[in-house]
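Here the structure comes first, spelled out in structure tokens, and everything after it is commentary.
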Amino acid sequence: MPSPRLSRIGRRPAAPVGVKEGHVFMSDARVLHFFGGKGGVGKTTLAAAYALRLAEEAPKEKVLLVSLDPVRSLSDLLNKKLSAKPVKVEEDEAAAAAAREAKPEPKGKGKAAKATKADGGVWAMEVEPAALAKGFLAKYVPALQKAAVKGQHLTEEDLGKLYGQATPGLEELLGLLHVVELADSGEFDRVVVDTAPTSHTLRLFDMPVGLRKFLGIVKAGAERAAGKGKKAAAPSEEQLFLEEFAAKAEKLLGQLKDPARSAFHLVTLAEPVPEAQTRMYFAQLRERGIPVVEVVVNQVEDKEGCTACLGRRGLQAPHVRKYQALDKNVPVHLVLKREVAPRGLELLKPFAREWASGKETKTMEFAASEGPPALVRAPSMPPIAAPPLPPTRLIFFVGQGGVGKSSCAAAAAVTLTEKEGPVLLISTDPAHSLSDVLQSRLTDVETQVKGTKGLYARELDMAGWFSNLRKRWKEKAEKAFEGAPKTGNEVPTDLLLFRNLLDAAPPGIDELAAMSCLTDALVQERFKRIVVDGAPMVSSMRVVELTDTARGWFTALHGVLSKYKSKGLGELADDMAAFLKHIKRFEDALASPNESRFVVVTRGEDLAAARSERLVEYLKERKLQVERVLVNRVGPKADCPKCENRRKNELNAAKVIEKKIGLPVTVAPALGRHPAGLRELKAFRTAWYALSATAKTKAA
Ligand SMILES: [Zn+2]
């Protein structure tokens with residue numbers, strides 16, 4: 001049975017049907033199109049282009065383009081301030097065009113409004129999940145509190161406190177529910193969603209399952225409270241509210257998994273970090289039954305230009321091959337890198353048309369002989385010497401994934417070790433790349449990097465850390481509850497609840513893991529410096545809130561447990577107290593300008609300035625010390641006009657960043673291929689230079 005929504009579309013005579021050359025467009029009645037991928041790969045641009053193309057192919061359809069990305073780049077891309085209320089994106093342009101045409105007759109203005117399409121077109125909105133969640137939480141948290149069944153040890157209030165902490169993952173879910181409701185209401189025919197970064201999106205897909213699990217436990221508890229064998233009293237209003245919400249969430253998930261209704265477009269770049277993340281993301285989407293319809297490789301270099309130009313293209317070849325090997329049924333489409341990123345409707349529309357033609361995928365196909373070039377020698381004397389690295393013990397390299405944070409952090413750590421002695425380099429990025437960058441096999445245990453005098457590196461296994469901790473705590477709780485009075489063979493309600501609480505740990509726990517491990521490093525005296533290759537989470541600007549939530553959760557749990565010290569939960573409570581005290585040491589260090597500084601890594605690209613500006617603002621708001629911005633991979637001076645033009649654009653972007661953000665900018669040059677291994681990293685680090693002399697003076 002087709003849903004009413006689909007049949008409505010089916011009736012539309014205007015919708016052209018068929019597979020376009022090289023690209024699937026209006027080939028079906030799929031309503032929901034998700035564009036996902038890590039930050040900075042251009043998913044917003046491609047989502048916008050796709051929406052414009054959909055509208056062009058079916059002028060009578062209403063297409064909603066919506067961003068769930070907290071980075072809010074859709075406004076930047078469309079040069080239009082967007083809000084949670086959909087606005088038509090083309091109206092202005094059409095009106096402006098009509099106004100231009102009608103210039104001799106100023107009265108032509110009335111005509112301009114008519115010039116827009118009758119009812120179709122693209123509407124855009126940016127959902128602010130946090131704002132959306134506010135009203136919902138006011139109802140949701142008390143409902144959880146009331147629904148949570150108390151055991152012998154844990155009171156209603158205790159449980160409410162704990163469950164109340166476990167809510168941030170809901171925000172994304174609420175955002176998406178809102179969007180899908182707009183589609184279901186019939187207001188829009190198609191919805192193109194620019195999704196949140198990878199980890200958020202996966203969390204969103206997992207949320208309904210977790211919610212159902214929790215409600216199951218609540219129900220079982222209620223039945224048990226009513227007495228063995230008996231049915232529990234009629235569900236309370238709160239329970240009904242939660243049930244309804246869970247049902248909605250499950251229905252949504254069902255829609256997302258339905259290949260006839262939804263399509264997931266995975267956007268990526270032909271670079272090491274995006275490749276690793278994309279392969280992981282692809283597998284995880286598959287695991288969850290989300291229909292991935294294509295892999296779009298953005299910013300592929302063409303076959304024109306000098307050796308350096310072809311070298312940039314050769315660098316991309318192995319990654320494209322990896323994408324092609326993912327699944328032969330999932331097409332890989334190549335999108336040409338534009339010298340000027342398509343921004344604003346005037347550039348986005350032709351871009352959308354070219355992309356839709358599918359020609360680029362064919363003409364840019366990689367030959368078997370194409371591969372990475374040799375490393376270009378770095379200039380022995382950079383134009384303006386780069387200022388020294390921050391003097392603090394902790395140095396964080398943060399920024400979007402794929403900007404080359406790991407290379408920069410590793411290069412810094414290598415030279416610091418040479419100059420100053422033992423350094424610890426830690427990656428908190430879930431998709432680690434330090435092993436590759438250092439050409440050394442790293443694990444979750446500090447390992448001395450071969451060939452160095454005291455460079456130790458570690459790739460944190462954050463998920464593993466929490467599951468170990470959870471296991472330890474569960475064992476302790478089981479032991480403590482052993483002495484509690486039991487009815488028959490039943491597991492005590494308190495223990496059941498405690499287990500569930502540990503399973504329902506809020507997002508942000510992983511970041512807490514990173515904090516705990518960094519504290520371990522901090523309290524060890526043997527490292528003069530600790531260089532952190534930061535998680536891209538930082539750039540999604542929620543790490544602090546999430547950590548707060550996670551800490552709140554721990555604190556609540558600890559508060560509850562310490563009330564029952566006499567009942568055998570004392571040891572566990574002490575454990576948690578020690579843990580909270582432990583990470584407090586790190587939080588203090590983080591807030592002290594004498595102990596920690598941040599370096600924001602970015603690229604010389606058009607949208608980078610706005611993005612970095614927001615990240616810097618975010619860090620500053622939280623009283624974290626941002627030392628400078630590092631613009632990575634700026635091309636070297638060249639005779640080739642294409643290379644020179646690109647270099648000019650990159651330097652201009654760097655200047656915009658310096659001016660807008662008001663922090664000194666250091667430039668790290670592109671050396672042909674990504675530096676790897678100690679020798680190349682050292683050469684890379686020596687090639688860094690200050691963007692301008694004044695910035696250098698300011699920094700000194
Ligand atoms: Zn060139």
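Read-outs: derived from the displayed coordinates by stated rules, not from any lab. Quick caveat, the model's predicted, so the values are computed rather than measured. Cβ placement follows ideal geometry from the backbone for every residue including glycine, while neighbour counts extend to all protein chains displayed.
So the values come out like this:
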{"read-out": "Cα-based Rg and Dmax for the range 314-460, where Dmax is the largest Cα-Cα distance (Å)", "value": "20.3, 56"}
{"read-out": "Percentage relative contact order, the range 285-375, counting C-alpha pairs under 8 Å, at least six apart", "value": "39"}
{"read-out": "Sum of side-chain charges, residue 616 neighbourhood, beta-carbon under 14 Å (Lys, Arg +1; Asp, Glu -1)", "value": "+4"}
{"read-out": "Coil-residue GluC sites (Glu not before Pro) of the range 299-344, DSSP, other Cβ within 10 Å capped at 14", "value": "304, 339"}
{"read-out": "Built amide H within the under 5 Å cut-off of residue 40, gap 5+", "value": "none"}
{"read-out": "Paramagnetic reach from residue 324 (point 7 Å along Cα→Cβ, amide N under 19 Å) across the range 259-284", "value": "266-272, 275-276, 278-279"}
{"read-out": "Cα centroid separation, the range 604-619 to the range 271-350 (Å)", "value": "23"}
{"read-out": "Gain upon complete extension [residue 381, residue 520; 0.36 nm per residue less C-alpha separation]", "value": "46.2 nm"}
{"read-out": "Descending Cα extents along the principal axes, the range 544-700, whole Å", "value": "78, 34, 29"}
{"read-out": "Pairwise centroid distance, computed over Cα atoms, of the range 648-681 with the range 420-481, Å", "value": "29"}
{"read-out": "Distance between modelled label sites at residue 83 and residue 577, nm, 7 Å Cα→Cβ extension", "value": "5.0"}
{"read-out": "Rounded FRET efficiency, nearest 0.05, which uses the C-beta distance separating residue 453 from residue 362 and R0 of 56 Å", "value": "0.60"}
{"read-out": "Additional length obtainable on full extension of the chain from residue 659 to residue 443, 0.36 nm per residue less Cα span", "value": "73.7 nm"}
{"read-out": "Stretchable slack from residue 131 to residue 594, in nm (0.36 nm times residue separation minus alpha-carbon distance)", "value": "163.1 nm"}
{"read-out": "Nitroxide proxy distance, nm - points 7 Å out along Cα→Cβ at residue 467 and residue 187", "value": "4.1"}
{"read-out": "Members of 405/453; 637/682; 322/620; 303/655 lying beyond 32 Å, as alpha-carbon distances in this model show", "value": "322/620"}
{"read-out": "Cα shape, the range 251-292, gyration tensor, a/c 1.5 rule", "value": "prolate"}
{"read-out": "Members of 257/362; 328/359; 88/139; 43/88 lying beyond 22 Å, as alpha-carbon distances in this model show", "value": "257/362; 88/139"}
{"read-out": "Burial ordering of 363, 447, 417, fewest other beta-carbon atoms within 10 Å first", "value": "363, 447, 417"}
{"read-out": "HN-Hα J in Hz across the range 175-186 - Karplus 6.51, -1.76, 1.60, θ = phi - 60°, x for Gly and Pro", "value": "x, 5, 4, 4, 5, 5, 4, 4, 5, 5, 5, x"}
{"read-out": "Ascending count of other beta-carbon atoms within 10 Å, so fewest first, for 510, 503", "value": "503, 510"}
{"read-out": "FRET efficiency for residue 648 and residue 585, using Cβ-Cβ distance with R0 set to 41 Å, rounded to 0.05", "value": "0.30"}
{"read-out": "Proximal aspartates and glutamates relative to residue 251, as straight alpha-carbon distance under 14 Å, when same-chain residues fewer than 8 apart are discounted", "value": "181, 184, 206, 243"}
